[in-house]
1. Farther than 20 Å from Val80 by Cα, more than 18 Å from the chain's Cα centre (by Cα) and surrounded by 15 or more Cβ atoms within 10 Å (Cβ to Cβ): is that true of Leu119 in this structure?
2. Checking the structure you have, find out if any residue of the range 111-125 is under 20 Å from Pro34 (Cα atoms) and charged (D, E, K, R).
3. Looking at the range 45-56, I want the residues that are closer than 11 Å to Leu12 by Cα and have a partner that is among the basic types (Lys, Arg) and assigned to a loop (DSSP other than H, G, I, E, B) with Cβ atoms under 9 Å, at least 6 apart or on another chain. Which pairs are those?
4. Could you list, in sequence order, the residues of the range 116-172 that are in a loop (DSSP other than H, G, I, E, B) and either of a type in the set (A, V, I, L, M) or at positive phi (or both)?
5. Considering (1) modelled with pLDDT under 90; (2) out of contact with any helix residue (DSSP H, G or I) (no Cβ under 9 Å at 6 or more places or on another chain), say which one Val113 fails and leave the rest.
6. Given the residues Arg62, Arg69, Arg73, which is the only one that is surrounded by 14 or more Cβ atoms within 10 Å (Cβ to Cβ), at pLDDT 90 or above and not in a helix (DSSP H, G or I)?
7. Got at least one residue in the range 161-168 being among the β-branched types (Val, Ile, Thr), within 24 Å of Ser77 (Cα to Cα), outside the structural domain of Ile28 (by TED's automatic domain parsing) and buried (at least 20 other Cβ atoms within 10 Å of the Cβ)?
8. Could you tell me whether the range 132-145 includes any residue that is without any contact (Cβ under 8 Å) to a residue 24 or more places away in the chain, of a type in the set (S, T, N, Q) and surrounded by 15 or more Cβ atoms within 10 Å (Cβ to Cβ)?
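The values are calculated or read from the model by the stated rules, or taken from the named source; none is laboratory data. Remember, it's a predicted structure, so these values are computed and weren't measured experimentally. Here Cβ is always computed from backbone atoms with ideal geometry, including for glycine, and neighbour counts include all displayed protein chains.
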Amino acid sequence: MSTAAGLPGIDLRDPAAQKVVAEVALHIVTVEGPVEEDVLISRVRSAWLLDRSGQIVQSSVRDALARLRRKKRAVQSGTVWDVPGRAVTVARTPSPDFDRKKVSQVPSAERQVALLGILSESPGMRHEELASGTARFFGWLRLGTDIRAAFDQDIEELITSGLVTTGPSGLVPVDDVTG
């Protein structure tokens, strides 16, 4: 198995590598969190200059993440990892250093921040136009079924949590509702 220049001689199959894998994973979570587990696994794979994230890489990273969770250095919500206590207040747009090609690579909390931000700027949008506008925010030019389904679920969660309501003109953030 190959190793990265910064990680000479560290073999992911070696149980002694677990501490280093945990340190790399924690750095990724700290810098990129909230971060989907598959993105995190891909980043660790890249740190070792590996071509693919096979069972050994996945197992090593998941074991490291479990260790970080036990030590309360990382928290997990579904498939998303972050540092404890960090509130998601910003939705990140694609950049050369930060590119997420799939909707599944963007945590739901971050998608919801983007949905709320766009809706706050244009209250009264319908589901479809809100989803389309938010997709463009993340750099997706078309609203595929996976993106539509994710945004539909996010919008329903925003409605259920009381942050968005449906008015006669469409969706409205609750803090914009007058009455």
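1. yes
2. yes
3. Qualifying pairs under 9 Å: Arg45/Arg52; Ile56/Arg13.
4. Looking only at the range 116-172, we keep the residues that are in a loop (DSSP other than H, G, I, E, B), and these are 122-124, 126, 138-144, 161-163, 168-169.
Matches in the range 116-172: Gly124, Gly139, Leu141, Leu143, Gly162, Leu163.
5. Answer for Val113: the failing condition is (1).
6. Within the list Arg62, Arg69, Arg73, the selection yields Arg73.
7. Scanning the range 161-168, I find at least one residue that is among the β-branched types (Val, Ile, Thr), within 24 Å of Ser77 (Cα to Cα), outside the structural domain of Ile28 (by TED's automatic domain parsing) and buried (at least 20 other Cβ atoms within 10 Å of the Cβ), so the answer is yes.
8. The answer is yes, given that some residue of the range 132-145 is without any contact (Cβ under 8 Å) to a residue 24 or more places away in the chain, of a type in the set (S, T, N, Q) and surrounded by 15 or more Cβ atoms within 10 Å (Cβ to Cβ).
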